[in-house]
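Following: one structure in structure tokens, then a few remarks.
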Amino acid sequence: MIFALFLAMCCFLASPLAQAADTLSANQTLRDGQTLVSSGQVFEFGFLSPNKSSARYLGIWYKNIPLQVTWVANRNNPITDSSAELALSSQGSVSLRNGLMNYWSVIPAGAVDEPFWRLLDNGNLVLSDSSASDSSGDYLWQSFDNITNTLLPEMKLGWNLRTGLKQNMTSWASEADPSSGHYTFSLEPPDAPQLILWKGSQKQFRWGPWNGERFSGSNEFKANAVFDPMFISSPEEVYYTYTVVDNSTLSRFIVTPEGAIQYLAWLDNQWTNLVTLQRDYCDNYGECGPYGTCYDSTVGNCRCLKGFRRNDSNPLDWTGGCSRTWNLSCGNGECFVKYKGLKLPDNSRLLGNRSSNLEECLKNCSCMAFTRVDVHGNGGDCLLWFGDLVDMKNYPSGGDVIHIRMARAEIDAIARAKRRRRIAIAVGISVSTVCGMLILAFIGRYALQRRKERRRATYSVYRDSGDGGPEEDLELPLLDIVAVADATNNFSFQNKVGQGGFGEVYKGILPTGQDVAVKRLSLNSGQGLKEFKNEVILIAKLQHRNLVKLLGCCIHGDERMLIYEYLPNQSLDHHLFDPIRWKLVTWKTRFSIIMGIARGLLYLHEDSRLRIIHRDLKLSNILLDSDMNPKISDFGIAKTFTVENAGEMTNRIVGT
């Protein structure tokens, strides 16, 4: 028995690799059936056959969940049997071979003292030297520089400008074949970076230049409750990457064999698709042709920009796009017209933060458009377009501004149209030229009087209602109907973000650039003037970080509107009742929301100038800002009490 035990120990010590180690040292081999496992038991490296394929590959997969491959070494050179092995030489070279047949290899540049091959807990397989610090990240080679179809947290999609390395994602040929497929997802070009999905040499989808917080045309790349995206631009590197908010959450970006770009997270023992970047028809590249803008997911729903006209009469074929109503005549009073709420077009050039050069370029007749974005985090870079503007999309919820060169005749036509619109709104009727001059003179005097009144910046928004109540004057800005209509794109459907018992809610952008939410009282609403007044009076007097902030109101004829700060994460029910979003709200975030609501209620009940009972506290009335901080809203049926009055008899049921 002792001899047998001795033989067993000798066989174990003579084995090329101790099982379940995370490191392969010099002169060791890894054979089919053996694996490396990261120290935290997150990832595993070895031989595999995806989806019962007959071929063998060397790759990395998640250790403790059903086989999901994140990286493949010999993706275009499969092994036909199980006799191949991976060997690490004392000089640091790595080879995957079967006899004389070499399937894959790595040869480091320069001399190596004591090389080793290690699988890290972030899924990175690294070749390093024992003389180098593990924490430095200065590896001789790493799998993170050789992306296949998967982008893990901390992987870089982009360019290493110092070495010339370009890091792209390439789809598998099929679910069982990891060889290079038809689709490539890349960050291009490095000077004006944007994300592009290619099928061969053809652009399929594009997300425009980075503007400081996201790529133009998509909100999916903005920070959220699960992951934080990052864009880095320096003299040495330009790349996109991301980190997870909770390190225990497994996540990955993939390009599927069919060309879908998906963000997946392991939640409730299954892979949950949180984001698919190609959401609708308008995400297809160049669907509306030059100077055409795609408006929604309906096929053929393209429109020409103002100042352009359709080139083709076929309602389903927009490949010809649009052309200018008035041709350019360089040096003849041309100007740049501002267009907003758009996905920025393709083929931009980055000029940098140099205003003098920008002015020189704008004098160039071939410069068709420009805008400013924050590519480098330096306060603004100039993007220029030379040639036709293609692949634009109407994007009111997060679009960008672009200034397009227009002919003098078009500028004059726009000015005339604006004057006619203002006159029509103010007068409401068509008049002859003589009568029009008289009315315009009257309007001018009236407008002057209004401007003088507005300089006082305070308005009486609540007067004696006839019920014996007090008269109150509140310091609350009063916006006119024209300003609110302009801010919401004339209350367009694309700007609508919600609807409740009060009426519809629209997102708007004030001339100052501030995002607002406009709550428009419906004429057939269950709530009326009393609730409107109640909300204006109460919320205008309240100041607390967990109460929604009222910025102003608008009263025009039968129209009554409230203008609030805009909260991009919508209401709490939108997150908790959604089959996907509720999984993203961590317990830490939930507890923070609970505490915020409690602080808001404590302020209403005990600490504000008025003692207020909300009476309609529900999930749809808890709004969330960009950091998921809660704010209580909708005070239409709230009740006020004096400090001495601790209660009241209720005669009817209201609210919640």
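The values are calculated or read from the model by the stated rules, or taken from the named source; none is laboratory data. Keep in mind that what you see is a predicted model, and the values were worked out from it rather than measured. Cβ atoms come from the backbone with ideal geometry, glycine included; neighbour counts cover every protein chain shown.
What to note about this one:
- Across segment 167-178, the number of residues qualifying as under 22 Å from P229 (Cβ atoms) and either touching a Lys or Arg at 6+ places or on another chain (Cβ under 8 Å) or exposed (fewer than 15 other Cβ atoms within 10 Å of the Cβ) (or both) comes to 1.
- Filtered residue count, segment 176-201, keeping only those that are free of Cβ contacts under 8 Å to residues at least 12 places away in the same chain and over 21 Å from the mean Cα position of the chain (by Cα): 1
- Annotation: of all residues in segment 404-414 being under 35 Å from the mean Cα position of the chain (by Cα) and surrounded by fewer than 18 Cβ atoms within 10 Å (Cβ to Cβ), the one that is modelled with the lowest pLDDT is I414.
- Among the residues examined, S626 does not qualify as touching a residue at least 40 places away in the same chain (Cβ under 8 Å), surrounded by 15 or more Cβ atoms within 10 Å (Cβ to Cβ), hydroxyl-bearing (S, T, Y) and outside any strand (DSSP E or B).
- Segment 47-74 residues that are not assigned by TED's automatic domain parsing to the domain that holds D121 and among the β-branched types (V, I, T), paired with ones that are at pLDDT 90 or above and surrounded by 15 or more Cβ atoms within 10 Å (Cβ to Cβ) (beta carbon under 7 Å, 6 or more apart): none
- Residue list for segment 571-605, filter: outside any helix (DSSP H, G or I) and surrounded by 15 or more Cβ atoms within 10 Å (Cβ to Cβ): S571, V585, T586
- Remark: pairs (first residue in segment 562-582, at positive phi; second residue modelled with pLDDT under 85; Cβ separation under 9 Å; 6+ apart in sequence or on different chains) = Q570/V497; Q570/G498.
- Scanning segment 533-565 for residues that are among the aliphatic types (A, V, I, L, M) and in a loop (DSSP other than H, G, I, E, B) gives L542, V548.
- Residues that are touching a strand residue (DSSP E or B) at 6+ places or on another chain (Cβ under 7 Å), at pLDDT 90 or above and closer than 30 Å to Q270 by Cα do occur in segment 576-594, at least one of them.
- Annotation: of all residues in segment 307-327 being touching a residue at least 24 places away in the same chain (Cβ under 8 Å) and exposed (fewer than 15 other Cβ atoms within 10 Å of the Cβ), the one that is farthest from R214 (Cα to Cα) is N327.
- Sole residue being touching a strand residue (DSSP E or B) at 6+ places or on another chain (Cβ under 7 Å) and either among the basic types (K, R) or at positive phi (or both), chosen from Y295, Y291: Y291
- Pairs with Cβ under 8 Å, 6+ apart, first in segment 520-543 and farther than 11 Å from D558 by Cβ and assigned by TED's automatic domain parsing to the domain that holds R609, second assigned to a helix (DSSP H, G or I) and at pLDDT 70 or above: L542/Y603; L542/L604
- Among the residues of segment 75-125, those that are under 41 Å from the mean Cα position of the chain (by Cα), over 26 Å from E175 (Cα atoms) and not charged (D, E, K, R) comprise V94, V106, I107, P108, A109, F116, W117.
- Scan of segment 19-45 for residues that are assigned to a strand (DSSP E or B), surrounded by fewer than 20 Cβ atoms within 10 Å (Cβ to Cβ) and within 37 Å of the chain's Cα centre (by Cα), ordered by number: V37
- Within segment 46-73, the residues that satisfy the criterion of being under 16 Å from E85 (Cβ atoms) and outside any loop (DSSP other than H, G, I, E, B) are G46, F47, L48, R56, Y57, L58, G59.
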